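Engineer: Please find one structure pasted underneath; my questions will follow.
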Amino acid sequence: MSTPPVPLSQFVLKVHSRCDLACDHCYVYESADQSWHGRPAAISDEVISRTAERIAQHAASHRLDTVQVVLHGGEPLLAGPARLRRVATELRSALTGISGLDLRIHTNGVLLDEEFCELFAEHDVRVGVSIDGDRAANDRHRRYANGRSSYDQVVRAIGLLATARFRHLYSGLLCTIDIANDPLVVYDSLMRLDPPRIDFLLPHATWESPPARPPDGDEAYADWLIAIFDRWLAGGRPVQVRTFDSIISTLAGGDSLTEALGLGPAVLAVIETDGSYEQVDSLKTAFDGAPVTGLNVFGHSLDAVAQHPGILARQQGLAGLCQTCQQCPVVTSCGGGLYTHRYRAATGFANPSVYCADLLKLITHVSSRLPQTAPGQQPAPTHGVSGTDFRALAAGLGGPAAVAQLTEAQRSLRRVLLGAVYQAGSAAPAVADQVKAALRAAWTVLTDVDGKQPAALDAVLAHPYVRVWAVRCLEQLKTPGEPGLAAMLGHLGAIAAVAAFRAGAQASVTVPVSGGAVHLPTLGRLLVDEPDTAAVTVAGDAVTIVAGDRRWDLAPAAEQGGPAGWQPVRRLRAPGISVALEDTDPYRDCHQWRAAPRLADSGLARWQRCFEDAWREIERDHPAYAPAIAAGLSVLMPLSPGPPGRDISASARHAFGAVAVALPEDPVTLALLLIHEFQHVKLGAVLDIYDIYDPADGRLFHAPWREDLRPLEGLLQGTYAHLAVTDFWRARQEVTAGAEAEAAGQRFVYWRDQTRDAIKTLTGSGSLTPLGERFVSEMGQAVCP
Ligand code: SF4
Ligand code: SF4
């Protein structure tokens with residue numbers, strides 16, 4: 001049975017079809033397909049315009065939140081700055097108001113200079129560079145036509161990208177594997193280039209043209225990657241490695257992160273310099289003409305490309321694989337490997353990968369090295385941050401790029417938890433059939449939305465209290481007799497309804513009525529005061545709720561208005577930041593203090609004034625903290641007032657992105673509380689990714705600012721927050737005068753000394769991992785520079 005086409009959301013745009021290198025492992029020039037001979041060298045203005053139009057039409061008709069375009073070649077920099085500027089400008093302008101554009105370029109780096117980097121900074125183009133390892137490894141294949149090495153130019157180019165000025169453009173390194181190279185030398189040399197991500201690519205091969213192997217090396221590629229995996233794992237996963245992260249993610253029930261592994265549908269098309277649409281480039285290695293679709297930007301829409309049999313064949317998931325793969329124990333992680341690598345002349349693509357033995361061994365090895373994850377347990381982390389961002393976070397800071405990496409990790413985690421709730425709820429004997437049927441219906445909506453518009457699901461999953469809900473569900477499923485489980489599981493329906501609404505899709509689900517309201521996470525709540533459940537129907541941007549014999553029609557996109565009883569989530573805004581003021585979500589009460597009830601308009605106005613002033617204070621006087629907060633703070637949750645004379649605030653480990661505060665009297669205090677609590681938000685996400693300390697250590701430690709003893713994580717959290725508190729008072733001393741400056745100075749000294757003492761306790765605990773020692777050492781240097 002085939003599935004309907006999935007919209008295309010990734011495009012490889014060939015802007016130049018020639019190259020200044022002559023790598024002997026190149027699939028463009030050295031493979032069976034030699035179509036590059038007949039194509040124009042550079043993309044024309046006409047092809048650029050038609051391509052931008054086609055992508056925009058496709059994004060609009062499928063309501064895609066984001067499309068990714070990778071500028072490619074040959075060598076794309078040969079197209080020159082003017083042509084690349086035109087490509088970036090036309091794509092951005094065509095997509096404005098329709099969808100986001102994730103624009104990238106993959107280059108061999110030899111021409112990359114400041115002029116190109118300035119252009120990429122101006123147009124927000126992220127840059128990936130191909131390099132195969134150390135000088136010897138790189139020189140083995142990546143040379144000029146006259147045999148000269150390209151290594152020095154490439155390393156110089158990567159050095160330019162790694163500078164503070166262009167670091168945000170540096171998307172990673174692409175390394176084609178050659179098992180003749182020492183894997184650890186390759187890994188270490190790539191790590192010295194401080195990449196945010198490394199892609200290790202298996203050399204393209206088919207059953208007709210198998211990869212080079214030593215005589216007894218049936219699993220030589222697995223052994224090569226395993227040597228790196230073990231070092232990477234022992235080092236605390238210091239960088240994202242797409243192959244390993246993808247396997248870890250799929251082993252934990254999450255998504256594949258690469259087309260080379262897993263069962264995800266193909267969503268990529270290639271556009272050549274003459275405007276021809278092609279399937280993935282790697283197919284060039286199968287046979288002459290393999291990637292051809294016969295379609296082009298002048299005569300055909302991208303919908304037509306999505307319906308091409310070659311693309312449809314790669315959207316069938318498990319059903320599209322051969323029998324051997326379908327019955328394979330690691331198929332969820334492997335997915336038969338890269339489509340191209342399955343090719344055999346007699347049977348086409350209905351074969352296991354030519355790297356089958358390697359993939360089986362690698363995935364089995366990765367699985368054996370990870371803590372086992374069962375539904376209900378926290379899944380293994382699958383992400384990391386770059387070395388530079390890790391150091392910046394450890395020093396108490398970290399900018400938008402670091403926060404983006406933490407956010408990405410949280411998104412994966414929430415996806416895994418969502419699946420775990422569905423699986424555990426559906427399998428639990430104590431859960432009623434009716435509840436299971438509602439779970440199934442919600443899950444169908446979610447998978448449908450995810451297949452067509454994953455960004456719509458991600459937008460709901462970005463809500464901090466989704467993880468709080470999922471964790472509570474999984475906890476409660478361990479004691480299924482507890483009341484309230486059915487309502488809790490039913491919240492999956494509400495998440496599905498919101499995902500469908502955000503995707504502009506159709507959906508009908510049952511949702512619980514809890515606390516007298518239907519809750520639609522991120523949108524708001526409807527007071528219905530009726531039975532236990534309500535029916536929610538979504539049709540595009542309209543939502544209808546029926547509870548008992550009453551019916552409400554909502555247009556949740558509107559922040560104001562709506563029928564009586566509708567309480568939308570409202571936002572606090574200041575220049576450069578916008579956060580949800582969350583006073584409706586039923587799972588927001590996860591902080592150590594009590595959530596405030598729904599705010600009246602006058603309360604909202606007070607919050608808005610104080611927030612605006614506090615944000616101005618942060619941007620002006622604490623600018624090192626502002627960009628990360630603007631990038632990562634998504635929810636402010638009002639707390640009920642604390643004990644008299646005490647300003648209270650909180651964060652929660654499972655609610656990444658949320659800070660809870662009782663509105664203080666003055667904006668300076670709000671600025672301090674926001675900075676303080678966002679430290680906890682960042683550190684919680686770091687702890688979700690990395691092992692910083694030994695969790696088996698149950699000892700309690702003295703925290704200078706508390707009377708009670710704290711577990712190690714509590715001490716670490718407090719110290720990390722007070723690193724910023726110290727810095728806050730240092731800055732405050734500098735920007736104030738007289739008695740105010742004197743008081744700030746005293747606070748600075750007080751918190752600096754307390755933080756120093758706590759860092760000494762952490763360092764001497766003997767419980768930090770090697771990575772934890774690095775982290776705390778950076779904290780120490782930040783407080784005592
Ligand atoms: S740099 Fe890339 S396109 Fe150019 S020859 Fe090498 S592999 Fe091929
Ligand atoms: S390991 Fe081999 S049999 Fe299993 S899914 Fe991968 S290619 Fe197919």
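Engineer: Can you name every residue in region 91-109 that is in contact with an Asp or Glu (Cβ under 7 Å, 6 or more places away or on another chain) and either farther than 16 Å from S61 by Cα or modelled with pLDDT under 95 (or both)?
Structural biologist: Initially, region 91-109 is screened for residues in contact with an Asp or Glu (Cβ under 7 Å, 6 or more places away or on another chain), giving 94, 99-100, 103, 107-108.
Within region 91-109, S99, G100, L103, T107, N108 qualify.
Engineer: Could you list, in sequence order, the residues of region 207-236 that are more than 13 Å from L362 (Cβ to Cβ), touching a Ser or Thr at 6+ places or on another chain (Cβ under 9 Å) and among the hydrophobic types (A, V, I, L, M, F, W, C)?
Structural biologist: Correct list: W207 only.
Engineer: I've got another one for you. Name the residues in region 417-432 that are open to solvent by 20 Å² or more (accessible area, probe 1.4 Å) and either hydrophobic (A, V, I, L, M, F, W, C) or at positive phi (or both), would you? Break it down stepwise before answering.
Structural biologist: Kept after step one, since they are open to solvent by 20 Å² or more (accessible area, probe 1.4 Å), are these residues of region 417-432: 422-424, 426-427, 429-430, 432.
The answer is A424, A427, A430, A432.
Engineer: Another one. Among the residues of region 504-514, is there at least one that is in contact (Cβ under 8 Å) with a residue 24 or more places away in the chain, within 19 Å of Y465 (Cβ to Cβ) and out of contact with any Ser or Thr (no Cβ under 9 Å at 6 or more places or on another chain)?
Structural biologist: Among the residues of region 504-514, at least one is in contact (Cβ under 8 Å) with a residue 24 or more places away in the chain, within 19 Å of Y465 (Cβ to Cβ) and out of contact with any Ser or Thr (no Cβ under 9 Å at 6 or more places or on another chain), which makes the answer yes.
Engineer: Would you point out which residue out of L261, L257 is modelled with pLDDT of 90 or more and within 26 Å of V421 (Cβ to Cβ)? Give the steps one after another, and end with the answer.
Structural biologist: Working: L257 fails: modelled with pLDDT of 90 or more.
From the options L261, L257, the qualifying one is L261.
Engineer: Regarding V69, is this residue open to solvent by less than 30 Å² (accessible area, probe 1.4 Å) and touching a Phe, Trp or Tyr at 6+ places or on another chain (Cβ under 6 Å)? Explain how you work it out, then say what you get.
Structural biologist: Values: open to solvent by less than 30 Å² (accessible area, probe 1.4 Å): yes; touching a Phe, Trp or Tyr at 6+ places or on another chain (Cβ under 6 Å): yes.
The answer is yes for V69.
Engineer: Are any residues in region 49-66 assigned to a helix (DSSP H, G or I), of a type in the set (D, E, K, R) and either within 16 Å of ligand 1 (Cβ to nearest atom) or surrounded by 18 or more Cβ atoms within 10 Å (Cβ to Cβ) (or both), and if so, which ones? Please lay out each step first, then the result.
Structural biologist: The initial filter retains those residues of region 49-66 that are assigned to a helix (DSSP H, G or I), namely 49-61.
Restricting the remaining residues to those that are of a type in the set (D, E, K, R) gives 50, 53-54.
If the condition is that a residue be assigned to a helix (DSSP H, G or I), of a type in the set (D, E, K, R) and either within 16 Å of ligand 1 (Cβ to nearest atom) or surrounded by 18 or more Cβ atoms within 10 Å (Cβ to Cβ) (or both), then R50, R54 are the ones that fit.
Engineer: Which one is surrounded by the most Cβ atoms within 10 Å (Cβ to Cβ) among residues in region 622-673 that are in contact with a strand residue (DSSP E or B) (Cβ under 6 Å, 6 or more places away or on another chain) and in a helix (DSSP H, G or I)?
Structural biologist: Within region 622-673, the match that is surrounded by the most Cβ atoms within 10 Å (Cβ to Cβ) is L673.
Engineer: Only one of R467, R525 is in contact with a helix residue (DSSP H, G or I) (Cβ under 9 Å, 6 or more places away or on another chain) and among the basic types (K, R). Can you tell me which? Outline the logic, then answer.
Structural biologist: Working: R525 fails: in contact with a helix residue (DSSP H, G or I) (Cβ under 9 Å, 6 or more places away or on another chain).
Just a single option satisfies the conditions, and that option is R467.
Engineer: Please find, within region 557-597, the residue that is modelled with the highest pLDDT out of those that are among the polar types (S, T, N, Q) and not in a strand (DSSP E or B).
Structural biologist: First, pick out the residues of region 557-597 that are among the polar types (S, T, N, Q): 560, 567, 578, 584, 592.
Then drop every residue that is not not in a strand (DSSP E or B), which leaves 560, 584, 592.
Values: Q560: 71, T584: 95, Q592: 81.
Residue satisfying both the conditions and the ranking: T584.
Engineer: Out of the residues in region 195-220 meeting the condition of being under 28 Å from the mean Cα position of the chain (by Cα) and more than 13 Å from I131 (Cα to Cα), tell me which one is surrounded by the fewest Cβ atoms within 10 Å (Cβ to Cβ). Show your work before the answer.
Structural biologist: Residues of region 195-220 under 28 Å from the mean Cα position of the chain (by Cα): 195-204.
Okay, now just the ones that are also more than 13 Å from I131 (Cα to Cα), so 196, 202-204.
Working: P196: 25, L202: 22, P203: 17, H204: 23.
Filtering first and then ranking leaves P203.
Engineer: Quick test of your reading of the structure: T332 fulfils all but one of (1) over 30 Å from D45 (Cα atoms); (2) within 16 Å of ligand 1 (Cβ to nearest atom); (3) of a type in the set (S, T, Y). Name the failing condition by number.
Structural biologist: So the condition that T332 fails would be (2).
Engineer: Next question, about the same structure. Going by the structure shown, is R732 among the charged types (D, E, K, R), under 20 Å from L673 (Cβ atoms), modelled with pLDDT of 95 or more and open to solvent by 40 Å² or more (accessible area, probe 1.4 Å)? Step through it out loud before you land on a result.
Structural biologist: Details: among the charged types (D, E, K, R): yes; under 20 Å from L673 (Cβ atoms): yes; modelled with pLDDT of 95 or more: yes; open to solvent by 40 Å² or more (accessible area, probe 1.4 Å): no.
No: the conditions fail for R732.
Engineer: OK, next. Just checking, does region 134-153 include any residue being touching a His at 6+ places or on another chain (Cβ under 9 Å) and open to solvent by less than 40 Å² (accessible area, probe 1.4 Å)?
Structural biologist: Yes: region 134-153 contains one or more residues that are touching a His at 6+ places or on another chain (Cβ under 9 Å) and open to solvent by less than 40 Å² (accessible area, probe 1.4 Å).
Engineer: Within the set of pairs 6+ apart or on separate chains, which have a first residue in region 95-118 that is within 19 Å of S149 (Cα to Cα) and open to solvent by less than 20 Å² (accessible area, probe 1.4 Å), a second that is among the small types (G, A, S) and more than 16 Å from ligand 2 (Cβ to nearest atom), and C-beta atoms under 6 Å apart?
Structural biologist: Cβ pairs passing all conditions: N108/S130; G109/A157; V110/S150; L112/A157.
Engineer: Being among the acidic types (D, E), more than 16 Å from ligand 2 (Cβ to nearest atom) and closer than 30 Å to A459 by Cα: is that true of D124 here?
Structural biologist: On the way: among the acidic types (D, E): yes; more than 16 Å from ligand 2 (Cβ to nearest atom): yes; closer than 30 Å to A459 by Cα: yes.
Spelling it out, D124 is indeed among the acidic types (D, E), more than 16 Å from ligand 2 (Cβ to nearest atom) and closer than 30 Å to A459 by Cα.
Engineer: Which residue pairs have Cβ atoms closer than 6 Å, lie 6 or more positions apart in sequence or on different chains, and pair a first residue in region 347-360 that is within 10 Å of Y221 (Cα to Cα) with a second residue that is within 8 Å of ligand 2 (Cβ to nearest atom) and not in a loop (DSSP other than H, G, I, E, B)?
Structural biologist: Qualifying pairs under 6 Å: L359/C334.
Engineer: Take region 33-48 and flag every residue that is at pLDDT below 70 and either within 10 Å of ligand 1 (Cβ to nearest atom) or buried (at least 17 other Cβ atoms within 10 Å of the Cβ) (or both).
Structural biologist: Selection gives D33, S35, W36.
Engineer: For a quick check of your reading of the model, give me the residue pairs whose first member lies in region 752-765 and is acidic (D, E), whose second is not in a helix (DSSP H, G or I), with beta-carbon atoms closer than 6 Å and at least 6 apart or on different chains.
Structural biologist: D757/P704
Engineer: A82 - would you say it is touching a residue at least 40 places away in the same chain (Cβ under 8 Å) and surrounded by fewer than 17 Cβ atoms within 10 Å (Cβ to Cβ)?
Structural biologist: Details: touching a residue at least 40 places away in the same chain (Cβ under 8 Å): no; surrounded by fewer than 17 Cβ atoms within 10 Å (Cβ to Cβ): yes.
In short, no.
Engineer: Related question: Inside region 119-153, can you point out the residues that are within 26 Å of the chain's Cα centre (by Cα) and not small (G, A, S)?
Structural biologist: L119, F120, E122, H123, D124, V125, R126, V127, V129, I131, D132
Engineer: So, restricting to strands (runs of 3 or more DSSP E) that lie completely within region 240-345, which ones have at least 3 residues that are buried (at least 19 other Cβ atoms within 10 Å of the Cβ)? Steps first, please.
Structural biologist: On the way: elements: 268-271, 276-278, 292-296.
Hits in region 240-345: 268-271, 276-278.
Engineer: Report, by residue number, each residue of region 1-25 that is at pLDDT 85 or above, part of a loop (DSSP other than H, G, I, E, B) and within 10 Å of ligand 1 (Cβ to nearest atom).
Structural biologist: S17, R18, C19, D20, L21, A22, C23, D24
Engineer: In region 85-101, which residues are in a helix (DSSP H, G or I) and either touching a strand residue (DSSP E or B) at 6+ places or on another chain (Cβ under 7 Å) or within 16 Å of ligand 1 (Cβ to nearest atom) (or both)? Outline the logic, then answer.
Structural biologist: At the first step, the residues of region 85-101 found to be in a helix (DSSP H, G or I) are 85-95.
Listed by number, the residues that qualify are V87, A88, L91, R92, L95.
Engineer: Quick check on my filter: what residues within region 154-189 are open to solvent by less than 50 Å² (accessible area, probe 1.4 Å), over 24 Å from the mean Cα position of the chain (by Cα) and under 17 Å from L111 (Cα atoms)?
Structural biologist: Correct list: V154, V155, A157, G159, L160.
Engineer: If you don't mind, another one. Of everything in region 433-455, what is touching a Phe, Trp or Tyr at 6+ places or on another chain (Cβ under 9 Å) and open to solvent by less than 30 Å² (accessible area, probe 1.4 Å)? Give them in sequence order. Quick ask: steps written out before the conclusion?
Structural biologist: Pass one, region 433-455, residues touching a Phe, Trp or Tyr at 6+ places or on another chain (Cβ under 9 Å): 439-440, 442-443, 446.
Once the filter is applied, which keeps residues that are touching a Phe, Trp or Tyr at 6+ places or on another chain (Cβ under 9 Å) and open to solvent by less than 30 Å² (accessible area, probe 1.4 Å), region 433-455 yields L439, A442, L446.
The values are calculated or read from the model by the stated rules, or taken from the named source; none is laboratory data. Please read all numbers here as calculations on a predicted model, not as lab measurements. When we count neighbours, we look across all protein chains shown, and the Cβ atoms used for this are built from the backbone with ideal geometry, even at glycine. Areas reflect the complete protein model, heavy atoms only, side chains present, ligands, DNA and RNA absent. Shrake-Rupley method; radii C 1.70, N 1.55, O 1.52, S 1.80 Å.
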